[in-house]
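The values are calculated or read from the model by the stated rules, or taken from the named source; none is laboratory data. Model, not experiment: these values are computed from the prediction. Ideal geometry is used to build each Cβ from the backbone, glycine not excepted, and the neighbour counts take in all protein chains shown. The protein model used for the area step is the full one, side chains on, heavy atoms only, and it has no ligands, DNA or RNA in it. Shrake-Rupley method; radii C 1.70, N 1.55, O 1.52, S 1.80 Å.
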Amino acid sequence: MNPDTALPAGAAPGKHEIVLRGMPASGGIAIGPAFVYEREEVYVTERTLSEEETGLELDLLRDAFTRARRELLKIAEYARTQLSEEAAEIFESQLMMLKDPVLVRSLETRIQQERKNADFLIHHEIEKYKALLGATDDPLFRERMTDLDEIAQRLLRSLQKKRLRATVEGRHIIVAASLTPADSILFSRSDVLGYAIDTGGITSHTAILARSLKIPSVVAIHEATRHISTGDLLILDGQRGLLFIYPTAERIAEYRQKIHRIEELEESLKGLVDLPCVTPDGHAVEISANAEFVNECDYILAQGGNGIGLYRTEHLYILEGEFPSEQEQFVAYSSIAQSMYPRPVIIRTFDIGGDKFLQDRQAEENPSLGWRGIRVMLDMPDIFKQQLRAILRASTTRNIKLMFPMISGLVELRVARKHLNDARAELREQGVPFDEHMQVGMMIEVPSSVMLADIFAKEVDFFSIGTNDLIQYLLAVDRNNDLITDLYQEFHPSVLRAIRHVVNTAHEAGIWAGVCGEMAGNPMSSVLLLGLGLDELSMVPSVIPTVKEIIRSTSFEEARRFTDTVLAMATATETKTCVAEYMRVRYPDFFTPVQNGDTCPILGLG
Ligand code: PEP
Ligand code: MG
């Protein structure tokens, strides 16, 4: 039988295909049977112990803690050697909780005084901790709650001698209501094909791990577990956030073709790594990467990234659950600067708030319009100063640039720069070296900063346009609201005009301008951004070769003419159709038409 046309195991030709949409959390495509994972919850009942039983119960409790710590240590060690320091830290935070002497002591005291069984008291005590965290939508708190549940389950399983089941025979796509970080690591040892998860966001620990593990994943599907049984054939498209149940024979063929094309394309682009990103008529564009974690440098270099255009430092906070110390930050920033040396690394100061959580934050009606980005840092001068000192101290490699997020007015920029000057003065006084010529830039992501670009351009060394936020604020469309994704339009004429204005204003003032929002990593926009005159594009590392190849095969002259045509259009429908049509015809190797008449890039989250 021809393996390309044979239906895979689990195919159900009689059933109607169901398509579910979630959020793309880790790229790649998986085709295979489902394994529906239901965590075996452990339940407890309350018992009163006799005096003799009390001593035994104390031993069982201590044993359970020792065993749970040993298990977690092993998982953390595995994560450290096989994945990254960040992955291991997820388990370290659970270990810390397990090592908390207050928890163990209060359980021992309660066993002695109340004479209740250990598993009942563990459950009770952890619920108390959870109640302290309170009911909140804050993703960081939710992660902490998940950590507490994980610990409770681990201890209870140990007491009740039940084993963790996160393992599966054969290659499957794991379907689950939720997946803990430990589950995702344990499953990865069983050679899983992908994760389809009903809950979670792309910043959840599980999504972070899935990306490190390079396991295609879709999260926030909501209905996967309701529709799917173990054995059902699935196609998981981690690139576009799609899940197909009972895919038709045509769909399977289509996706096999896609996988084939992706592999071919990736292979054909390998030779580009060391080539410069220059158009045939000699116009150079800097292609850099957005980095979320310190350990991504090797991959970025392997993809041919020319530097880091955006290092989102808030992930240091998110992983730790608290602001890292000046020294911890110094270590992280120095490590990334050294790994990329001599290529530039743009470190963005903490952009916390909005959809990026801050512990102890008061709930806000409109967090995206609230206390976020530079506003938070200006209200926390000590923490801000620590970060600025850490960045300055790391800058001795002379390849670090600094940028401020969410600047909406000149006073904010000036106050931020004053903190920077104070930090510089302190270091000089202490005789601590730093790069006196470090470039300082700002993000353009609030419409007011577009309008004031000429004023800002006199006070910074560069602009980096954050299209993710700029689009949301310019069009009044929440970037995280899946009800209105159709209105979130990168090619909206107002967005394109805003970018053109910022670039032209920057150039008139003699400074450079880049884009570090997701738009830079959408190959569909590459010619447009080239024609708009952007000096730098910073993107998710996996799409660097595609964007580089498009730019290397397009003359600047052609891009400018095309951009003029598009910018003369009045509606987003016209601009989008024009761009899609142009890109598909001009670069057939990189784009493909999709069913609804749309065009989609072959590589890159679509
Ligand atoms: C942006 O807004 O485009 C950006 C790069 O910042 P973030 O996505 O971190 O808000
Ligand atoms: Mg932003």
Return the carbon/sulfur percentage of the accessible area of the range 353-494, one whole number, probe 1.4 Å, all protein chains in place. 51 percent
Sorted by accessible area (1.4 Å probe), largest first, how do His315, His227 line up? His227, His315
What part of the accessible area of the range 52-159, given as a whole %, is carbon or sulfur when the probe is 1.4 angstrom? 54 percent
Skip the ligands, DNA and RNA, and give the accessible area per residue of the range 52-159 with a 1.4 Å probe, whole Å². 48 Å²
Expressed in nanometres to one decimal, the distance between label points 7 Å along Cα→Cβ at Thr45 and Arg189 is 3.3 nm
Describe numerically, in nm with one decimal, the distance between label points set 7 Å from Cα along Cα→Cβ at Leu487 and at Asn366. 1.3 nm
Surface accessible to a 1.4 Å probe, Tyr587 within the full protein complex, Å²: 10 Å²
When only C-alpha pairs under 8 Å and at least 6 residues apart count, what is the relative contact order of the range 450-576, in percent? 27 percent
Taking 7 Å along the Cα-to-C-beta vector as the label spot, tell me the Thr248-Ala302 distance in nanometres, rounded to one decimal. 3.8 nm
Grab the Cα-Cα distance for Gln430 and Arg500, subtract it from 0.36 nm times how many residues apart they are, and report the gain in nm with one decimal. 20.8 nm
Using a 1.4 Å probe on the protein heavy atoms only, what accessible surface does Tyr299 show? Give it in Å² to the nearest 10. 90 Å²
Difference of contour (0.36 nm per residue) and Cα-Cα distance, Thr577 to Gln113: 159.8 nm
Roll a 1.4 Å probe over the protein heavy atoms and report the accessible area of Glu250 in Å², nearest 10. 130 Å²
If Ser288, Ser106 are ordered by their accessible area, calculated over protein heavy atoms with a 1.4 Å probe, which sequence runs from highest to lowest? Ser106, Ser288
For a quick protection proxy, order the peptides 557-563, 528-534 by their average other-Cβ count within 10 Å, most packed first. 528-534, 557-563
How far, in degrees from 0 to 90, does helix 139-159 lean away from the longest principal axis of the Cα atoms of the chain, to the nearest 10? 30 degrees
For the range 426-495, rounded, prolate or oblate, judged on the Cα gyration tensor with a ≥ b ≥ c (square roots of eigenvalues), a/c < 1.5 rounded, else prolate if a/b > b/c? prolate
Can you give me the accessible area per residue for the range 282-601, using a 1.4 Å probe, in Å²? 39 Å²
Multiplying the sequence separation of Ser229 and Lys15 by 0.36 nm and subtracting their Cα-Cα distance, what value in nm do you get? 75.7 nm
Please report the relative contact order for the range 52-159, taking Cα pairs under 8 Å with a sequence separation of at least 6, and give it as a percent rounded to a whole number. 34 percent
